[in-house]
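What follows draws every value from the coordinates through simple rules; no lab data is involved. This structure is a prediction, so every number in the text was calculated from the model and none was measured. Note: ideal-geometry Cβ built from the backbone for every residue, glycine included; neighbour counts use all protein chains shown.
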Amino acid sequence: MTDINTYFKNNKQRFLDELLEILKIPSVSADPNYAGDVAKMAEAVAQHLKTVGVDKVEVSKTAGHPIVYGEKIISPKAPTVLVYGHYDVQPPDPLELWESPPFEPVIKKTKLHPDGAIFARGSCDDKGQVFMHIKAFEMMMQTNSLPCNVKFMIEGEEEVGSKNLERYCKENKKKLACDVVLISDTSIIDNKTPSLTVGLRGLCYMEVEVIGPNKDLHSGVYGGAVANPINVLCDMIASLHDDKKKVTVKGFYDDVQKVSNKERKMMNEAPYNEKQYMKDLGVAELMGEKGYTTIERTGIRPTLDVNGIWGGYIGEGAKTVLPSAAYAKISMRLVPDQDPAKIEKLFQKHFEKLAPESVKVKVTAQHGGYPVVVPTDSVEYKASEKAMEQTFGKKPLPQRGGGSIPIVAMFDQVLKAKSVLMGFGLDSDDIHSPNEHYGLFNFYKGIETIPYFYKYYAEMKK
Ligand code: BES
Ligand code: MN
Ligand code: MN
């Protein structure tokens, strides 16, 4: 029997080739036109699970996109790891900003990825990272070194708020029973600085509508006399932050947990070069809540951002019009102990109050999710720490991530299991943006690290 390192060396090219194939499937969950491709992707994941020896593989229909499940039970005495990930991807738009088509993966070298990176939608978020788990499992199976029971639950609706996964978990509690949930859908600090994600922000996503006159009007005939909903919406949005860039929604900060000075000091010791950060993004200055550093602003502080705003004439040339309505999508990132349901109500009330008599407003909630903090003194954290230390040669730093994975808090509540957030992407991998990519270094490092997690977790659980 070959040892795992030899098996890895002999098969790594095939691992990559297989990933490139599934990156060609445009599994965009947000757009109903791609529903067939999302279903095809679910089947491809199921097929890969079967091929590497996962038992009881099933593709479960939901009201939305399917959930792929499979398991390998080696012993009732062994600890059980539930691997969660998502096979759906964000829409690739704007297409014209991609240097190569989003679903035709190519490998190119970049400054941060001198060994090459795979450019394709979903390469990092999250197909590439899910695939690391399937290949790590294959390696353990083929080298007779799987020390834990494994359950895979790979969903197709993460990017649209995991609408049907909560119900699935509640209805399948027994089947999904596990000791820990293992997730690779986050970032490390850089390829020389491994980190484990110890916090995710929650989310509260709203859509607002500002309605003015009962039809579009001539902006010369009526402009200046009738409130313009776009002007009004801009005023309202501008007032959502004060001059210290604090969110003005009444009660917004009420439940925000205070982070100790010690923890703040620690998080600011992580490597971070502000000049480089600004240069990479092409901005001359950073902007955010006064009194907090960039790391704090994205890690431990709640925020409010407009994600999209529209209304009126946006076609070629100029059309003089006073539009009858204006719209915006507004998201708030939340931190412990903010409650998305409560924030939703506070925002709605605040926004309705902001509106002048001249317009009507309608506020609707899209989706939300609770924030997460991961303790660093648990067996599962220690096992993931040791696994990363083994393969990176350096102990990973605990780091709070700015993004959200809304379903993670639910794992805690419904499955009574803690999650390990051991992602291998970089924040600069352009997930959700044009030219998303995933480093070959990162892909392979993940495949090598995961078996160590199983090994140390099984040992420490004894
Ligand atoms: N994988 C990301 C979340 C993430 C990325 C966490 C990087 C930490 C670092 C996930 O797929 C995602 O994009 N989540 C969405 C939320 C969802 C409801 C659309 C997000 O954070 O915007
Ligand atoms: Mn993701
Ligand atoms: Mn995502």
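Quick check: pseudo-label points 7 Å beyond the Cα along Cα→Cβ at GLU274 and GLU289, how many nm apart are they?
So the label points at GLU274 and GLU289 sit 1.8 nm apart.
Which value in nm describes the separation of the simple spin-label points at LYS9 and LYS50, placed 7 Å from the Cα toward the beta carbon?
So the label points at LYS9 and LYS50 sit 3.4 nm apart.
Excluding LEU182 itself, calculate the net charge of residues whose Cβ lies under 11 Å from the Cβ of LEU182, where each Lys or Arg counts +1 and each Asp or Glu counts -1.
-1
Please work out how much length the chain gains when fully extended from LYS170 to ARG264, using 0.36 nm per residue of separation minus the C-alpha to C-alpha distance, in nm with one decimal.
Additional length available on full extension: 30.2 nm.
Please list, ordered by chain and number, the residues whose modelled amide H lies under 5 Å from the amide H of LEU196; skip anything fewer than 5 residues away on the same chain.
Placed amide hydrogens put LEU397, GLN399 under 5 Å from LEU196.
For every helix of n ≥ 4 consecutive DSSP H residues, a contribution of -39,500 (n - 2.57) applies; sum these over the chain, divide by its total residues, and give [θ] at 222 nm rounded to the nearest 500 deg cm²/dmol.
My calculation for the chain gives -9500 deg cm²/dmol from helical runs alone.
Provide the per-residue ³J(HN,Hα) series for the range 217-229, in order, calculated from phi with Karplus coefficients 6.51, -1.76, 1.60 and θ = phi - 60°, each as a whole number of Hz, with x at glycine and proline positions.
The phi angles translate into 10, 5, 6, x, 5, 10, x, x, 10, 10, 4, 8, x Hz.
Amide H of LEU203: which non-local residues (sequence gap of 5 or more, or other chain) have their own amide H closer than 5 Å, using H built in the peptide plane?
Residues meeting the criterion, in which the H sits 1.01 Å from N, are LEU334, GLY369, TYR370.
Would you mind calculating the relative contact order of the range 303-462 from Cα pairs under 8 angstrom and at least 6 residues apart, reporting the percent as a whole number?
That works out to 19 percent.
From the phi angles alone, apply the Karplus equation (6.51, -1.76, 1.60; θ = phi - 60°) to the range 360-374 and give each ³J(HN,Hα) in whole Hz, x where the residue is Gly or Pro.
10, 10, 10, 10, 10, 8, 8, 9, x, x, 7, x, 9, 10, 10
Give, as a single signed number, the net charge of other residues whose beta carbon lies under 15 Å from the beta carbon of ILE118, with Lys and Arg counted +1 and Asp and Glu -1.
-2
Which entries in the list LYS245/LYS349; LYS61/LYS455; LYS77/LYS163; LYS173/LYS250; LYS329/LYS360 go over 28 Å, if you measure between the two C-alpha atoms of each?
Pairs exceeding the cut-off: LYS61/LYS455; LYS77/LYS163; LYS173/LYS250.
How far apart, in nanometres, would the label points at ILE211 and LYS462 be if each is projected 7 angstrom from Cα along the Cα-to-Cβ direction?
Going from the ILE211 label point to the LYS462 one covers 6.8 nm.
Please order TYR222, TYR7 by the number of other Cβ within 10 Å, starting at the fewest.
With the fewest neighbours first, TYR222, TYR7 line up as TYR222, TYR7.
What do the square roots of 5 times the Cα gyration tensor eigenvalues come to for the range 361-405, in whole Å, largest first, as semi-axes of the equivalent ellipsoid?
35, 11, 8
When the Karplus curve 6.51 cos²θ - 1.76 cosθ + 1.60 is applied with θ = phi - 60°, which whole-Hz ³J(HN,Hα) does each residue of the range 289-294 get, with x for Gly and Pro?
Those phi angles translate into 4, 4, x, 10, 7, 4 Hz.
Take the cross-link list LYS109/LYS135; LYS174/LYS418; LYS262/LYS386; LYS12/LYS135; LYS109/LYS275 and give me the ones stretching past 18 Å between alpha-carbons.
Violating the 18 Å Cα-Cα cut-off are LYS109/LYS135; LYS262/LYS386; LYS109/LYS275.
Given a Förster distance of 45 Å, report the FRET efficiency between LYS61 and ASN231 from their Cβ-Cβ distance, rounded to the nearest 0.05.
Given R0 = 45 Å and the Cβ-Cβ separation, E is 0.45.
For ASN307, what charge total do you get from the other residues with a beta carbon under 11 Å from its beta carbon, if Lys and Arg give +1 and Asp and Glu give -1?
Taking every other residue near ASN307 into account, the sum is -1.
Whose amide H sits under 5 Å from the amide H of SER419, counting only residues 5 or more places off or on another chain, with H placed in the peptide plane?
The list, which skips near neighbours in sequence, is VAL181.
Computed from the mean reciprocal separation of all distinct C-alpha pairs, what Kirkwood hydrodynamic radius does the range 417-462 have, in Å?
12.5
For the chain, what is the convex hull volume of its Cα atoms per residue in Å³?
Taking the convex hull of the Cα positions in the chain, it is 159 Å³ per residue.
Hey, quick one: spin label on TYR222, modelled 7 Å out along Cα-Cβ, who in the range 318-345 has an amide N within reach, i.e. under 20 Å?
318-328
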